[in-house]
Amino acid sequence: MLAYALATGIVFGLYFALVGIGMNLVFGVMRIVNLAHGDFIMLGAFSAFWLLAVLHLPPPAAIVLGFVAFFLAGLPVYYALVPRLARAREPEMLSLILFFGLSQTIEALAAMLFGNSERSIPGRLLGRGPVHLLGQTMPRAWVYAAAVSLAMLGLVWLYLHRTRLGRQTRAIMAARQEAVAIGIDIHRISAIAFGIGAGLAAVAGVFAPFMLGSFTPALGIPLDLTSFAVIVIGALGNPLGTVLGGVIFGVTLMLMRAYLSSFADLLPDLVLILVLLVRPAGLLGRQVRRA
Amino acid sequence: MAEGLLELRGVAKRFGGFQALAGVDLAVAAGEIVGLIGPNGSGKTTLINIASGVLAADAGDIRLAGRSLLHLPAHRRAALGLNRTFQVPRPFPTLTVRQNLEVAVPGAAAGRDPAALLDAVELAPFAGRRAGELTSVQQKLLDLARALATGPRVLLVDELATGLTPAELARVATRLRALAAEGLGLIVVEHLMAFIDRITDRVVVMNAGQVLFRGTLREAAKDRQVVDVFLGAPEPAA
Amino acid sequence: MWRDLGLVVLPLLAVLAVLPAVYDNGALLLNFVVFLVLAQGLNLTYGFSGYLPFGYVGFFGAGAYGFAMSVTLAGAPPLLGVLAGGGASLLVGLLLTPLLRLQGAYFGLASLAAAEALLHLIGNPNLQPVTGGPYGVKLQAGYAPLLTYALALAILALTMLLVAWLRHARFGLRLLAARDDALAAAMAGIDIVRGRLVIWLASALAAGLIGAVFAWRTATFFPDAVFDLNFSIFAIVFTLFGGAGTLAGPVFGVLLLYGLYNAIGLSAPQYFQLAYGVLIMLLALFFPEGLAGIARRIADG
């Protein structure tokens, strides 16, 4: 049971890293906690439902389509909301409120369009038969999700470290003022980062039905808390810390399910609170407390 | 050195790999004005931040009238009579100018009357305005008035003179000298040497987190090391 | 202060006190008072100390369960149960005080997580003998519509008095100063930690007491019902809409928005969620100070 919990914990951990990384990228670049992130994932899950279960597209096509569509949709959302915030007196608080409003709006629209009933997608759409991995047997969909998550995390790393735009993105994350001073177009880079964040949420959403079971429009807020917990464990503003956070979160969740299953629901909340209080900068991070 | 009202002993602070302060001693007596000068990055503001409780010291002690403040939070230090102004002024922007002074908690030595303070820094006409609407010079003066409203025994003044007109400078200098005459101890961080010259009794010159020189400004101006630090070391003769 | 009492608190309480005589939907009237208390309670902490607790509903739920458990397990009389509800929310507030060390977004999300954790704990099947678990609570505290309504009005009066007092007392001004700039406030000699703690506990107490009264009146409820995130959302929207830190703002917020909510009907909650979501965004983008900010702009010309 322990080995199974550890193996599935790592598999789920990689997926949770994918769930959190978009929120972390946006936070790192814009210093905004995007509370609509969970709703982007929820919309990704509905897209997967239509693309996979209704239109019967192959999964890779659904992933690419989801990423591109959400990336493109993310750009105007950025330009409509964020630049105006930067001029406000309390940008951090207002952004929290603003994206909370966006989250509520998306959830309501989803409920009106898709209804509130629970939906699910059969796991066989990602391939039949169990898979043997890390000495354990687990559903093929889980391994599929973990592999795609790993690939996406790798692509994020490549983007940040091997492309011109990515290097400018990291410059903004490290020192915003200096980045402006050397002529980096903050809004362009931030808009792209926001789009990538939305695209990554879409990919996470495609796998949400397989990893989280059924889904409804109300999935957004719980996913926000999970994402926030994952990235806080790793380090806010450090996208690669998210991988560490995801795996720790995944393994802990699976251990809880194995040994303390009735309290497993409490986990994301408690982890979030404890990490914030004990090590608020995350395992790899910087200062977040008040002076 | 005479027994100080405020005494900093062996204060050290490191930011990551950067030694901002490497064991600094500094004291000010009641009624005395000490000028704290040195190039940018020499640790002057860090020292003020540590004394006032904004930053924690890695080592050393801070004593006010013999009592250690080291483990007290900033508001307790203010209550005991140690206060400061900020290099970039920090008024409460949504409060009115008058309210900015009214919120100050009078410390052990009784606080000063807000109305009189507003008069003293010539902000009385703006008493009903939101402090965020003031010019930055006015905000600096408000900062000073707010620090005085807590009734400090020692005041740390961080670059007050920058941006002031000569007339304003003269009035602020008179004001600070009057405060010293009332028994207040002042440590004044300043780049403007004319201002330092006008108000201080002695200066402490810092460089790279250490005290380089103690004495009068005139002596400092003749000190080879001090001159090197301020003007850059001269080129070796060819 | 007297102007605040005469123009806002007394007229509101007077109207609310006579309404049951002319309007027979007592449950709806109670809900209005519940939201008035929640909006003003949230106003205490957000308006005066800048902390926006998305998990504010946690105090409401704690109050409801404090009432339910003291009545069912300890056989307490309902009036004592209301105090127990307030006590429960105070206890939760005390437990959560370490959260006050966190900055804006961290605090908001941590408080939300705390409320969710409390819901999962109380609704846990293992705790069924104590809390009723997921099957909720059935109370026999006695149906007392007038008494519960009067109690709710009393809690509202106390909460609004506190807000009115803070708006004029030096303590409130010092909280606002700390909200503007915590470091400068410390240098002004203000004990920020104590001030924030006091306001946080007062805010928790208001929600807990009204949660207890709500539980008494409702008698039968599931954990989801009293930990419904919508209580937080409504309180936030009403407060922001009216203007945080003001006394009349949240009142207008509740009367206008909750009134509209009920006038149009409850058949399709997502329409209101949509309207509120859009409203929150518009407020954040264009009117961060709410109706009060608009009024001030007009007054200033």
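The values are calculated or read from the model by the stated rules, or taken from the named source; none is laboratory data. These figures come from a predicted structure and were not determined experimentally. Neighbour counts are summed over all protein chains in view; Cβ atoms, including those assigned to glycine, are modelled from backbone coordinates with ideal geometry.
Kindly indicate whether B:A147 is in contact with a strand residue (DSSP E or B) (Cβ under 6 Å, 6 or more places away or on another chain), under 15 Å from C:M187 (Cβ atoms) and outside the structural domain of B:L184 (by TED's automatic domain parsing).
Yes; evaluated as a whole, the condition is true for this residue.
Could you grab me the full set of residues in segment A:132-184 that are surrounded by fewer than 16 Cβ atoms within 10 Å (Cβ to Cβ), within 26 Å of A:A48 (Cα to Cα) and small (G, A, S)?
A:A147, A:A151, A:G154 - these are the residues of segment A:132-184 that are surrounded by fewer than 16 Cβ atoms within 10 Å (Cβ to Cβ), within 26 Å of A:A48 (Cα to Cα) and small (G, A, S).
Quick one: A:D39 ticks every box in (1) part of a helix (DSSP H, G or I); (2) over 18 Å from C:A105 (Cβ atoms) except a single one, so which number is it?
A:D39 satisfies all of (1) part of a helix (DSSP H, G or I); (2) over 18 Å from C:A105 (Cβ atoms) except (2).
With the condition being in contact (Cβ under 8 Å) with a residue 24 or more places away in the chain and within 12 Å of another protein chain (Cβ to nearest Cβ), I'd like the helices (runs of 4 or more DSSP H) fully within segment B:76-165 carrying at least 3 qualifying residues.
In segment B:76-165, B:97-102, B:136-149 are the helices (runs of 4 or more DSSP H) which contain 3 or more residues that are in contact (Cβ under 8 Å) with a residue 24 or more places away in the chain and within 12 Å of another protein chain (Cβ to nearest Cβ).
Suppose the filter is more than 14 Å from chain C (Cβ to nearest Cβ), crowded, with 23+ Cβ neighbours inside 10 Å and of a type in the set (V, I, T); does B:V211 pass it?
When the stated conditions are applied, B:V211 does not pass them.
Identify, please: which residue in segment A:135-147 is among the aliphatic types (A, V, I, L, M) and over 15 Å from A:V247 (Cα atoms) and is, among those, modelled with the highest pLDDT?
It comes out as A:A141.
Yes/no per residue for (1) over 19 Å from C:L256 (Cα atoms); (2) touching a residue at least 12 places away in the same chain (Cβ under 8 Å):
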site: C:V9; (1), (2): no, yes
site: C:N25; (1), (2): no, no
site: C:N31; (1), (2): no, yes
site: C:Y46; (1), (2): yes, yes
site: C:G58; (1), (2): yes, yes
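Which one of these is within 12 Å of chain B (Cβ to nearest Cβ), closer than 30 Å to A:V33 by Cα and of a type in the set (A, V, I, L, M): C:A202, C:A182, C:A169, C:A188?
None of the others qualify; the one that does is C:A182.
What number goes with the only condition from (1) among the β-branched types (V, I, T); (2) in contact with a helix residue (DSSP H, G or I) (Cβ under 7 Å, 6 or more places away or on another chain); (3) over 17 Å from B:G81 (Cα atoms) that B:I33 does not pass?
(3)
Of the numbered conditions (1) within 14 Å of chain A (Cβ to nearest Cβ); (2) over 22 Å from the mean Cα position of the chain (by Cα), C:F107 satisfies every one except a single condition; which is it?
(2)
Check whether at least one residue in segment C:35-56 is more than 28 Å from A:S95 (Cα to Cα) and either modelled with pLDDT under 95 or crowded, with 24+ Cβ neighbours inside 10 Å (or both), and report yes or no.
No, because not a single residue in segment C:35-56 is more than 28 Å from A:S95 (Cα to Cα) and either modelled with pLDDT under 95 or crowded, with 24+ Cβ neighbours inside 10 Å (or both).
Listed residues C:L285, C:L279, C:L240; which is over 21 Å from the mean Cα position of the chain (by Cα) and within 14 Å of chain A (Cβ to nearest Cβ)?
C:L285
Among the residues of segment C:120-136, how many are more than 7 Å from chain A (Cβ to nearest Cβ) and either surrounded by fewer than 24 Cβ atoms within 10 Å (Cβ to Cβ) or touching a Lys or Arg at 6+ places or on another chain (Cβ under 6 Å) (or both)?
Narrowing segment C:120-136 to residues more than 7 Å from chain A (Cβ to nearest Cβ): C:122-123, C:127-136.
Those still in the list that are either surrounded by fewer than 24 Cβ atoms within 10 Å (Cβ to Cβ) or touching a Lys or Arg at 6+ places or on another chain (Cβ under 6 Å) (or both) too: C:123, C:127-136.
Looking only at that region, the number is 11.
Looking only at segment C:243-252, filter to residues that are touching a residue at least 40 places away in the same chain (Cβ under 8 Å) and more than 14 Å from every other protein chain (Cβ to nearest Cβ); which one of those is surrounded by the fewest Cβ atoms within 10 Å (Cβ to Cβ)?
C:A248
Would you call C:L291 crowded, with 16+ Cβ neighbours inside 10 Å and either among the charged types (D, E, K, R) or within 14 Å of another protein chain (Cβ to nearest Cβ) (or both)?
no
Is there any pair linking a residue in segment C:100-112 that is charged (D, E, K, R) to one that is outside any helix (DSSP H, G or I) and surrounded by fewer than 23 Cβ atoms within 10 Å (Cβ to Cβ), with Cβ under 6 Å and at least six apart or on different chains, and which?
Qualifying pairs under 6 Å: C:R101/A:R289.
Among the small types (G, A, S), within 14 Å of another protein chain (Cβ to nearest Cβ) and touching a Pro at 6+ places or on another chain (Cβ under 7 Å): does that describe A:G28?
In short, yes.
With A:A201, A:A229 as the choices, which residue is modelled with pLDDT of 85 or more, part of a helix (DSSP H, G or I) and within 14 Å of chain C (Cβ to nearest Cβ)?
Residue meeting the stated conditions: A:A229.
Restrict the check to segment A:96-105 and report whether at least one residue is over 20 Å from A:Y144 (Cα atoms), aromatic (F, W, Y), at pLDDT 90 or above and surrounded by fewer than 19 Cβ atoms within 10 Å (Cβ to Cβ).
Scanning segment A:96-105 turns up no residue that is over 20 Å from A:Y144 (Cα atoms), aromatic (F, W, Y), at pLDDT 90 or above and surrounded by fewer than 19 Cβ atoms within 10 Å (Cβ to Cβ).
Restricting attention to segment C:224-237, does a residue exist that is buried (at least 20 other Cβ atoms within 10 Å of the Cβ), away from chain A (no Cβ under 14 Å) and not aromatic (F, W, Y)?
Among the residues of segment C:224-237, at least one is buried (at least 20 other Cβ atoms within 10 Å of the Cβ), away from chain A (no Cβ under 14 Å) and not aromatic (F, W, Y), which makes the answer yes.
Given the criteria in a helix (DSSP H, G or I), away from every other protein chain (no Cβ under 14 Å), buried (at least 22 other Cβ atoms within 10 Å of the Cβ) and not β-branched (V, I, T), does A:L65 qualify?
Against the criterion (in a helix (DSSP H, G or I), away from every other protein chain (no Cβ under 14 Å), buried (at least 22 other Cβ atoms within 10 Å of the Cβ) and not β-branched (V, I, T)), A:L65 does not qualify.
Restricting to helices (runs of 4 or more DSSP H) lying wholly in segment A:115-191: which have 1 or more residues that are under 21 Å from the mean Cα position of the chain (by Cα) and aromatic (F, W, Y)? Quick ask: steps written out before the conclusion?
Details: elements: A:140-162, A:164-174, A:176-181.
Where helices (runs of 4 or more DSSP H) fall fully within segment A:115-191 and carry at least 1 residues being under 21 Å from the mean Cα position of the chain (by Cα) and aromatic (F, W, Y), they are A:140-162.
Counting only residues that are surrounded by 11 or more Cβ atoms within 10 Å (Cβ to Cβ) and among the charged types (D, E, K, R), which one in segment A:119-131 is modelled with the lowest pLDDT?
A:R124
Can you say whether C:G265 is modelled with pLDDT under 90, buried (at least 20 other Cβ atoms within 10 Å of the Cβ) and on the phi > 0 side of the Ramachandran plot, as far as the supplied structure shows?
Working: modelled with pLDDT under 90: yes; buried (at least 20 other Cβ atoms within 10 Å of the Cβ): no; on the phi > 0 side of the Ramachandran plot: yes.
For C:G265, the condition - modelled with pLDDT under 90, buried (at least 20 other Cβ atoms within 10 Å of the Cβ) and on the phi > 0 side of the Ramachandran plot - is not met.
Sort out which residues of segment B:199-218 are of a type in the set (D, E, K, R) and at pLDDT below 90, and write them in order of number.
Selection gives B:D201, B:R218.
Take the residues of segment A:77-95 that are touching a Pro at 6+ places or on another chain (Cβ under 7 Å) and either in a helix (DSSP H, G or I) or modelled with pLDDT of 95 or more (or both): which is nearest to the other protein chains (Cβ to nearest Cβ)? Talk me through it step by step, then tell me what you get.
Of segment A:77-95, the ones touching a Pro at 6+ places or on another chain (Cβ under 7 Å) are A:85, A:88, A:94.
From what is left, the residues that are either in a helix (DSSP H, G or I) or modelled with pLDDT of 95 or more (or both) are A:85, A:94.
Numbers: A:L85: 7, A:L94: 5 Å.
Step by step, filter segment A:77-95, then rank; the result is A:L94.
Can you spot a residue in segment C:164-183 that is assigned to a helix (DSSP H, G or I), within 20 Å of C:V226 (Cβ to Cβ) and aromatic (F, W, Y)?
The initial filter retains those residues of segment C:164-183 that are assigned to a helix (DSSP H, G or I), namely C:164-168, C:170-180, C:182-183.
Adding the requirement that they be within 20 Å of C:V226 (Cβ to Cβ) leaves none.
Within segment C:164-183, none of the residues are assigned to a helix (DSSP H, G or I), within 20 Å of C:V226 (Cβ to Cβ) and aromatic (F, W, Y).
List every residue pair whose Cβ atoms sit under 7 Å apart, with the two residues 6 or more apart in sequence or on different chains, where the first one lies in segment A:118-139 and is in contact (Cβ under 8 Å) with a residue 40 or more places away in the chain and the second, anywhere, is assigned to a loop (DSSP other than H, G, I, E, B) and of a type outside the set (A, V, I, L, M).
A:E118/A:S214; A:E118/A:T216; A:R119/A:S214; A:S120/A:G213; A:S120/A:S214
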